[in-house]
1. So which residues in the range 135-151 are buried (at least 19 other Cβ atoms within 10 Å of the Cβ) and more than 17 Å from HIS98 (Cβ to Cβ), if there are any at all?
2. Which of the residues belonging to the range 266-281 are touching a Gly at 6+ places or on another chain (Cβ under 8 Å) and part of a loop (DSSP other than H, G, I, E, B)?
3. Looking for something hydroxyl-bearing (Ser, Thr, Tyr), modelled with pLDDT of 95 or more and in contact with a His (Cβ under 9 Å, 6 or more places away or on another chain) - is there at least one such residue anywhere in the range 80-99?
4. Every residue in the range 25-65 that is modelled with pLDDT of 75 or more, touching an Asp or Glu at 6+ places or on another chain (Cβ under 6 Å) and part of a loop (DSSP other than H, G, I, E, B), please.
5. With the condition being free of Cβ contacts under 8 Å to residues at least 60 places away in the same chain, in contact with a Leu (Cβ under 9 Å, 6 or more places away or on another chain) and not hydrophobic (A, V, I, L, M, F, W, C), I'd like the helices (runs of 4 or more DSSP H) fully within the range 70-187 carrying at least 3 qualifying residues.
Amino acid sequence: MGNKFGGEWTEKKLQCVRRYLDAYATAMKKQAWVTTWYIDAFAGCGYVELQSGQPSLFQEFQDAADASDALLVGSALQSLQVMPSFDQYLFIEKSPRHARSLEDICHGHEHLRHRIQLQQGDANELLPRFCNQFRGTNRGVLFLDPFGMEIDWTTLQAVANTEKLDVWYLFSIDAINRMLPRSGEFPDGWEAKLTRYFGTPDWKDVVYQQPPRKPGLFDAIEDAETIEVEVVKSTDFQALKGFVLKQLGRIFRGGVANNPKWLLKYNGTPLFLLCFAVSNPDPKANSVALDIAKHILEMP
């Protein structure tokens, strides 16, 4: 069985990534000197099990006895179906059980087995190590689909430093929102974790605001240091989106798509923000990549 989570947003993110992989593989076919890579840093066990009775573009199997459970092909296995094939594949998965399941499934792709590397471990350790060796004629696409806030900003920096990878990054709006207490008073370690995720402590200026304060009767004689300043948690998701894109733009020299896709909960509130960034600073390369990604992100 697959990882049991997700919803309509799961299919949307898979559609975006698969469409880009198809376009990328076709474009790179003409570049015989390039060694193409697909890297999936949170590869999972191969399938995603959804609670949905609707047929799916990526539906591999549906049990007739339980039509509410749809089994979708995950991103790692989707990449193995792309034609022309990538020259190399790297799948990283932290869970030993999921890694074993994915390995068993990959063995079924006999013609690609010699191209697949499967590493079990923490993406924040393994991915920077891989990126430091990603040189020469290597080019590729990386999909970062963490569960919650598992990616540190230093890992993204290592990816950007390759200047050879196009990146699809699922930014967890919901996980961030759940870590932001209305009072602005954080449990131990939470602020540091958010700073590792955003890459800067400036996130506090975006998600917390100081409301206008009415002058008090004794303000003229009150010591400013004794005034207790209250903060209010902001729910301005557009401001948060702008901040995320600005941060990504600081490190990805090839540019960032300015139209990331909102992936929503059943009630319409943001769950994730699917972003696209290019590390290659060459205008000829990054303009094509950004145009393709922007078009895909606009598609329903």
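The values are calculated or read from the model by the stated rules, or taken from the named source; none is laboratory data. Quick caveat, the model's predicted, so the values are computed rather than measured. Counting neighbours? That spans all protein chains shown, and the Cβs are built from the backbone with ideal geometry, glycine included.
1. To start, the set of residues in the range 135-151 that are buried (at least 19 other Cβ atoms within 10 Å of the Cβ) comprises 139-146, 151.
Result: ARG139, GLY140, VAL141, LEU142, ILE151.
2. Taking the range 266-281 first, the residues touching a Gly at 6+ places or on another chain (Cβ under 8 Å) are 266, 277-281.
Scanning the range 266-281 gives TYR266, SER279, ASN280, PRO281.
3. Residues of the range 80-99 that are hydroxyl-bearing (Ser, Thr, Tyr), as a first pass: 85, 89, 95.
Checking which are modelled with pLDDT of 95 or more leaves us with 85, 89, 95.
Adding the requirement that they be in contact with a His (Cβ under 9 Å, 6 or more places away or on another chain) leaves 85.
Among the residues of the range 80-99, at least one is hydroxyl-bearing (Ser, Thr, Tyr), modelled with pLDDT of 95 or more and in contact with a His (Cβ under 9 Å, 6 or more places away or on another chain), which makes the answer yes.
4. Matches in the range 25-65: PHE42, ALA43.
5. Counting at least 3 such residues, we get no helices (runs of 4 or more DSSP H) at all.
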